[in-house]
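Just dropping this structure here.
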Amino acid sequence: MIRFSLFGFPIAIHWMFWVTAVLLSGGALAKTPDDFQYLIAFVLAALISIIIHELGHAFLQRRYGGKVQIMLVALGGLAISDRGFTRQQHIKISLAGPVIQILLGALAWKLLRMSSGDAQFVVHFLKAFTWVSIVWGVFNLFPIYPMDGGKVLLHFLGPRMEKVTYMVGIIGAAVLALWMLSRGSTFSTLLLGMMAYENFQRYRGDRPAGMLYPN
């Protein structure tokens with residue numbers, strides 16, 4: 001792993017993060033110099049956007065007394081605290097990441113519209129950052145566990161209605177997977193299928209060993 005610190009938070013980047021970012025950029029099909037330039041811009045944009053997302057979680061966790069470390073994994077990131085929080089705090093923490101990510105994505109979109117288009121790498125970066133921040137940020141708000149929207153629903157409903165969260169996750173992930181399949185997006189279909197299965201396992205009372213993220 002690559003390890004460094006930012007704002008006092010230890011950050012580790014798993015090698016699978018880079019592989020996933022390249023696949024999502026379409027880099028496996030890159031042939032021309034412009035394709036490779038976009039690939040680099042996309043990976044850089046994904047890295048910065050997801051770190052910003054996790055910092056949104058981490059700053060609130062630290063504010064609530066937690067000692068936090070951040071890890072970037074194959075399918076996103078984790079802000080891991082050494083302590084638990086109240087349900088209300090969990091909801092705020094879960095929302096903080098995607099909200100700041102979407103806001104900065106909107107700012108990047110504004111800068112992109114103001115750009116002259118002369119600096120091609122900057123244009124590639126702003127396009128990728130806008131797409132990653134807004135699309136991934138909104139996607140993370142869907143009520144599908146273990147995404148942030150699923151965690152919000154889990155803590156909003158409380159432990160007595162925990163299974164309702166997982167049922168919503170099963171249905172939501174399955175519907176989205178079918179929609180993605182109809183659009184020919186194999187990677188997204190596979191990802192959503194894994195989420196549906198993880199929610200099914202949790203609904204049955206199993207605790208899967210972090211199919212998508214570590215528990």
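State all residues of the stretch 140-178 that are surrounded by fewer than 18 Cβ atoms within 10 Å (Cβ to Cβ) and part of a helix (DSSP H, G or I); if no residue qualifies, say none.
Let us first name the residues in the stretch 140-178 that are surrounded by fewer than 18 Cβ atoms within 10 Å (Cβ to Cβ), namely 156-164, 167, 171, 175, 178.
If the condition is that a residue be surrounded by fewer than 18 Cβ atoms within 10 Å (Cβ to Cβ) and part of a helix (DSSP H, G or I), then Phe156, Leu157, Pro159, Arg160, Met161, Glu162, Lys163, Val164, Met167, Ile171, Val175, Leu178 are the ones that fit.
Considering every residue within the stretch 97-110, establish whether at least one is without any contact (Cβ under 8 Å) to a residue 12 or more places away in the chain, more than 20 Å from the chain's Cα centre (by Cα) and surrounded by fewer than 18 Cβ atoms within 10 Å (Cβ to Cβ). Walk me through how you get there before you give the answer.
Here is the first cut: in the stretch 97-110, the ones without any contact (Cβ under 8 Å) to a residue 12 or more places away in the chain are 103, 107, 110.
Filter once more, keeping what is more than 20 Å from the chain's Cα centre (by Cα): 110.
Of the ones still in play, those that are also surrounded by fewer than 18 Cβ atoms within 10 Å (Cβ to Cβ) are 110.
The answer is yes; a qualifying residue exists.
Now, a different point. Given the conditions (1) at pLDDT 90 or above; (2) surrounded by fewer than 20 Cβ atoms within 10 Å (Cβ to Cβ), which single one is not true for Ser133?
The number of the failed condition is (2).
Tally up the residues in the stretch 58-76 that are out of contact with any strand residue (DSSP E or B) (no Cβ under 6 Å at 6 or more places or on another chain) and open to solvent by 70 Å² or more (accessible area, probe 1.4 Å), please.
Taking the stretch 58-76 and keeping what is out of contact with any strand residue (DSSP E or B) (no Cβ under 6 Å at 6 or more places or on another chain), we get 59-60, 63-65, 67, 73-76.
Then keep just the ones that are open to solvent by 70 Å² or more (accessible area, probe 1.4 Å); that gives 59, 63, 67.
Qualifying residue count, the stretch 58-76: 3.
Return the residues of the stretch 181-196 that are open to solvent by 40 Å² or more (accessible area, probe 1.4 Å) and either closer than 16 Å to Phe142 by Cα or of a type outside the set (Ser, Thr, Tyr) (or both); say none if nothing qualifies. It would help to see each step written out before you state the result.
Let us first name the residues in the stretch 181-196 that are open to solvent by 40 Å² or more (accessible area, probe 1.4 Å), namely 181-184, 186-187, 190, 194.
Leu181, Arg183, Gly184, Phe187, Leu190, Met194, listed by residue number.
Can you pull out every residue in the stretch 25-79 that is on the phi > 0 side of the Ramachandran plot and in a helix (DSSP H, G or I)? First the steps, then the outcome.
Taking the stretch 25-79 and keeping what is on the phi > 0 side of the Ramachandran plot, we get 26, 65, 76.
None; the set is empty.
Looking only at residues that are assigned to a helix (DSSP H, G or I) and of a type in the set (S, T, N, Q) in the stretch 179-193, which one is nearest to the chain's Cα centre (by Cα)? Steps first, please.
Taking the stretch 179-193 first, the residues assigned to a helix (DSSP H, G or I) are 179-182, 186-193.
Keeping just the survivors that are of a type in the set (S, T, N, Q) gives 182, 186, 188-189.
On the way: Ser182: 23, Thr186: 18, Ser188: 13, Thr189: 16 Å.
Step by step, filter the stretch 179-193, then rank; the result is Ser188.
For Leu55, work out the one condition from (1) open to solvent by 20 Å² or more (accessible area, probe 1.4 Å); (2) within 17 Å of the chain's Cα centre (by Cα) it doesn't fulfil.
So the condition that Leu55 fails would be (1).
The values are calculated or read from the model by the stated rules, or taken from the named source; none is laboratory data. Since we're looking at a predicted model, the values are computed, not measured. Cβ sites come from the backbone with ideal geometry, for glycine too, and all protein chains shown count toward neighbours. Each accessible area value is taken on the protein alone, full model and side chains, heavy atoms only, with ligands, DNA and RNA left out. Shrake-Rupley method; radii C 1.70, N 1.55, O 1.52, S 1.80 Å.
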